[in-house]
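Written out below as structure tokens is the structure these notes cover.
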Amino acid sequence: MKSHPSTGHRARALVAVVLSGAGAAWANPYECLIEPNQIVDIRSSTEGVIEKVLVQRGDRVRTGQVLVQLESAAEISAAELARARSEALGRVASAENRHDYAGKKFERNKELHTQNFVSAQARDEADAERRIAEADLRDARENREIAAFEYRHAVDLLNRRTLRSPFNGVVMDRMLNPGDLAEAGTGRKAILKLAQIEPLRVEVVLPLAAYGRLKSKAPAEVIPEGLGGRYAATVAVIDSVFDTASGTFGVRLELPNAAGKLPAGIRCQVDFPALRDLPSKAAAVKVPPHK
């Protein structure tokens, strides 16, 4: 369906009506663009067949929510085997008993040697047995510690096959499905595309006359095109590199959107209280089209 050529003009006229009703406070608005705070492609860090994709396009997701599960039966078995080895106590208990027995035997032979009941050779043999038992006990304990690290490694490998959301956001697109092969690497096809819409990012292009008047965290009010309403935002970034050709610089605002009421990818107008005394012609800066 083709949109009517005057749709954009009507939307801008609506914004103009709203601004005219705001009086002097909105006498000098600037055009802006509302965008997602960030867009990321969800890829697997390990290769495997996709078992489940738990979200669809348009779904809202929360930080830490499971999005994709790869087939992981072998990894689960490996983790269970490593866990059993890390919890096994038989070798350590056996080594502790031998060490305890060898220590007592040495002490007896040492005492008997002082009373000339056993030879020095028997005492030395008991001492050697004690030292060997002590080394065996140390080896058993070290092996148990190594088994604990192997279990942790196996769990880490298993966790890599479960993909979770890095932030609160919305699913923009779903590219792969259960049964598809997830390939590792940045050049491979992504499984999902997510957009973070809390907070939103507002891009504004301002004239040089406005430079130095805005500070970080300075307040602003945003009116989305075609939606109406005024939304409080704050200055997050002020560019220090200007565009020589147009004599402008960029400013980024942070727009809270906890309820997800505002969409991203729409034009808007923004009012800066700190810039209301600039000449009206300074507001005639166009935001470049979103790429």
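The values are calculated or read from the model by the stated rules, or taken from the named source; none is laboratory data. These numbers come from a predicted model, not from an experiment. Cβ: placed from backbone, ideal geometry, glycine included. Neighbour counts: every protein chain shown.
Examine region 85-92 for a residue that is closer than 30 Å to Thr46 by Cβ and out of contact with any Lys or Arg (no Cβ under 8 Å at 6 or more places or on another chain), and state whether such a residue exists. Even if it seems obvious, please write down each step before you answer.
Let us first name the residues in region 85-92 that are closer than 30 Å to Thr46 by Cβ, namely 85-88.
Still in the running and out of contact with any Lys or Arg (no Cβ under 8 Å at 6 or more places or on another chain): 85, 87.
Scanning region 85-92, I find at least one residue that is closer than 30 Å to Thr46 by Cβ and out of contact with any Lys or Arg (no Cβ under 8 Å at 6 or more places or on another chain), so the answer is yes.
Every condition in (1) part of a helix (DSSP H, G or I); (2) at pLDDT 95 or above holds for Glu75 except the one numbered (2). Return the only residue of Ala135, Ala122, Ala93 being in contact with a helix residue (DSSP H, G or I) (Cβ under 7 Å, 6 or more places away or on another chain) and in a helix (DSSP H, G or I). Going through Ala135, Ala122, Ala93 in turn, just one is in contact with a helix residue (DSSP H, G or I) (Cβ under 7 Å, 6 or more places away or on another chain) and in a helix (DSSP H, G or I): Ala122. Beta carbons closer than 7 Å, at least 6 apart along the sequence or on distinct chains, pair a first residue in region 154-177 that is among the small types (Gly, Ala, Ser) with a second that is in a strand (DSSP E or B) for Ser165/Val61; Ser165/Leu67; Ser165/Leu194; Gly169/Val61; Gly169/Leu194; Gly169/Ala195; Gly169/Gln196; Gly169/Ile197. The sole residue among Arg43, Arg57 that is under 25 Å from Gly179 (Cα atoms), surrounded by 14 or more Cβ atoms within 10 Å (Cβ to Cβ) and among the charged types (D, E, K, R) is Arg43. Here Asn109 clears all of (1) of a type in the set (S, T, N, Q); (2) under 30 Å from Asn177 (Cα atoms); (3) assigned to a helix (DSSP H, G or I) except the condition numbered (2). Among the residues of region 176-196, those that are among the hydrophobic types (A, V, I, L, M, F, W, C) and touching a strand residue (DSSP E or B) at 6+ places or on another chain (Cβ under 7 Å) comprise Leu176, Leu181, Ala182, Ala190, Ile191, Leu192, Leu194, Ala195. The numbered conditions (1) surrounded by fewer than 16 Cβ atoms within 10 Å (Cβ to Cβ); (2) at pLDDT below 90; (3) of a type in the set (A, V, I, L, M, F, W, C); (4) under 50 Å from the mean Cα position of the chain (by Cα) are all true for Ala95 except (1). So if I check each of Ala135, Ala88, Ala84, Ala120, which one is over 30 Å from Leu262 (Cα atoms) and surrounded by 13 or more Cβ atoms within 10 Å (Cβ to Cβ)? Just a single option satisfies the conditions, and that option is Ala88.
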